[in-house]
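For reference, the structure is listed below as C-alpha cells.
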Amino acid sequence: MRTVRASAPGKLIILGEHAVVYGKPAIALAIDRRITCTVSRSSETTVNGRVMDADKHPYFNHMMKYSSSPLKIETESDIPSGSGLGSSAALSASFLKAVSVMEDTCTDNRKLATDAFLAEYTVQGRASPLDTSASVHGNGISLNGPEGSGEYLWDISVNENKWTVRDVRIPEMTMVIGYTGLHAATGPLVEKVRRYKDKCKFASDIVDEIGQTTVDGMNALSKGDIVKLGDLMTRDHKLLSILGVSCNELNKLVNVSLRHSYGAKLTGAGGGGSMIALTDEPEKVCEAISLRGGTPFIVKTGVHGAGVEE
Ligand code: PMV
C-alpha cells in the first residue's frame, strides 16, 4: 500500500509582525524544526491511531476535503506547539504536500501556500499568510515587500485582502530562540493592536514605523549587514512593546540576550510565546535565557520548505 511522508518547517518572524496585518511588509525565515506527516489510504480517517475528531483535529477536519478517500495520518513534530514558531502552518503545509502527492495533483507551491493559509484562516482566523508561505517556500520570504526587494513568488487573496509573497535572500546567521513557556493566542493580540490603532494616531504612527524598520531590515539583509539588522530587530521590539504586545517574560529574555547579541526581539504575536536573538555567541545567549527561566534552542535558517521525505 502506498505511503507518502512529507515534512515542512516552522518559522520565526524576523521583522514586521502585527504591522503586516495593515499591509506593511514583514519577513519570516524557515527554521530547522519541522513537522512530518505520513499518510496512507484507509477505511476510516485516523490521526496518530485515533479516529479523527472534528473538535480535536480541526485542521485535518478542514483539510480532508483535499483527499479522495479516508486516510491514516501520522504526525511527528519537533516544533513546540503554541510557541509562536509556526507549528500549525507546518502541520497544514506538510499534510497538504503529502495529500497532493498521494492524489497525483502536482500541486504547485502557490496553491499549497494558499490552501495551507485557508486552513489557518478558517480554523484560527489567522490574519496573514506569513507562516504558511514561509513553511511552504522555506528559506526566507517577505509579505508586502517593495517591488525589487526579492524574487516574486505568488499572491494570496482572501476576501478583500491581497498579499504579495517574495523570496528573501538570507546571509548565513545564527539565531537563538527563547521560549517563555507561556501560550498566548494570536487573535486577541491582533485585536488589541487593532483597537489601539483605530483609537489613537500615535499607535498608527508606530505601525508605520514598524513598516519602515522592516524595509530597512530588508536592505540590511540584502547587504549581509548583520550588525544593522540586529539594531533594527531591537528597535522593532521596542516599537512592539509600545503597541502593548510584549510582556515581562519576553522583555527579560530580550534584555539578557542583548548582552551577547547583535539584536533581540519578540517573534510572532507576543504576549508570551518566543523571542529571538541574532548572535555569534549562541551558547552564552542560551545560558542567559535558561538562567531567566526560558527554554532556549539554537536554530539554523536557510532550510528547505515543504517537501516529500524519502
Ligand atoms: O506567533 P504567530 O505565528 O501567531 O504570529 C502572528 C503574527 C501576526 O502578525 C501578529 C499575525 C499575522 O497573522 O500575521
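The values are calculated or read from the model by the stated rules, or taken from the named source; none is laboratory data. Keep in mind that this is a model prediction, so the values were computed, not measured. Backbone-built Cβ (ideal geometry, glycine too); neighbour counts: all protein chains shown.
Can you name every residue in the range 264-280 that is within 13 Å of the ligand (Cβ to nearest atom), touching a His at 6+ places or on another chain (Cβ under 7 Å) and not in a loop (DSSP other than H, G, I, E, B)? Explain how you work it out, then say what you get.
Kept after step one, since they are within 13 Å of the ligand (Cβ to nearest atom), are these residues of the range 264-280: 265-276.
Keeping just the survivors that are touching a His at 6+ places or on another chain (Cβ under 7 Å) gives 265-266, 272.
Correct list: Lys265, Leu266.
Rundown of residues vs (1) of a type in the set (Phe, Trp, Tyr); (2) loosely packed, with under 15 Cβ neighbours inside 10 Å; (3) part of a strand (DSSP E or B), yes/no style:
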residue: Ala30; (1), (2), (3): no, no, yes
residue: Thr38; (1), (2), (3): no, no, yes
residue: Lys56; (1), (2), (3): no, yes, no
residue: Tyr59; (1), (2), (3): yes, no, no
residue: His62; (1), (2), (3): no, no, no
residue: Ser68; (1), (2), (3): no, yes, no
residue: Ile73; (1), (2), (3): no, no, yes
**Prompt:** Of (1) in contact with a strand residue (DSSP E or B) (Cβ under 8 Å, 6 or more places away or on another chain); (2) modelled with pLDDT under 95; (3) within 24 Å of Leu239 (Cα to Cα), Ala30 satisfies all except one. Which?
**Reply:** (2)
**Message:** Where the second residue is at pLDDT below 95 and surrounded by 24 or more Cβ atoms within 10 Å (Cβ to Cβ) and the first is outside the structural domain of Pro188 (by TED's automatic domain parsing) and acidic (Asp, Glu) and lies in the range 261-285, which pairs have Cβ atoms under 9 Å and are six or more apart or on separate chains?
**Reply:** none
**Fill in**
Residue hits (the range 255-304; of a type in the set (S, T, N, Q) and under 12 Å from Thr234 (Cα atoms)) are Asn255, Ser257, Ser261, Thr267
**Request:** Return the only residue of Glu17, Glu44 being surrounded by fewer than 18 Cβ atoms within 10 Å (Cβ to Cβ) and either touching a residue at least 24 places away in the same chain (Cβ under 8 Å) or not assigned by TED's automatic domain parsing to the domain that holds Ser83 (or both).
**Result:** Glu44
**Request:** Say whether the condition of being modelled with pLDDT of 95 or more and loosely packed, with under 15 Cβ neighbours inside 10 Å is met by at least one residue in the range 217-235.
**Result:** yes
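Within the range 121-137, which residues are buried (at least 24 other Cβ atoms within 10 Å of the Cβ) and either closer than 17 Å to Lys24 by Cα or not polar (S, T, N, Q) (or both)?
Hits for the range 121-137 are Ser128, Pro129, Leu130, Asp131, Ser133, Ala134, Val136, His137.
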**Asked** Do any residues in the range 230-244 that are under 11 Å from His18 (Cβ atoms) and touching a residue at least 24 places away in the same chain (Cβ under 8 Å) have Cβ atoms under 9 Å from those of residues that are of a type in the set (S, T, N, Q) and assigned to a helix (DSSP H, G or I), where the two are at least six apart or on different chains, and which pairs are they?
**Response** Asp236/Thr213; Asp236/Thr214; Leu239/Thr213
**Asked** Which ones in the range 155-185 are over 15 Å from Ala26 (Cα atoms), hydrophobic (A, V, I, L, M, F, W, C), surrounded by fewer than 20 Cβ atoms within 10 Å (Cβ to Cβ) and more than 16 Å from the ligand (Cβ to nearest atom)?
**Response** Met173
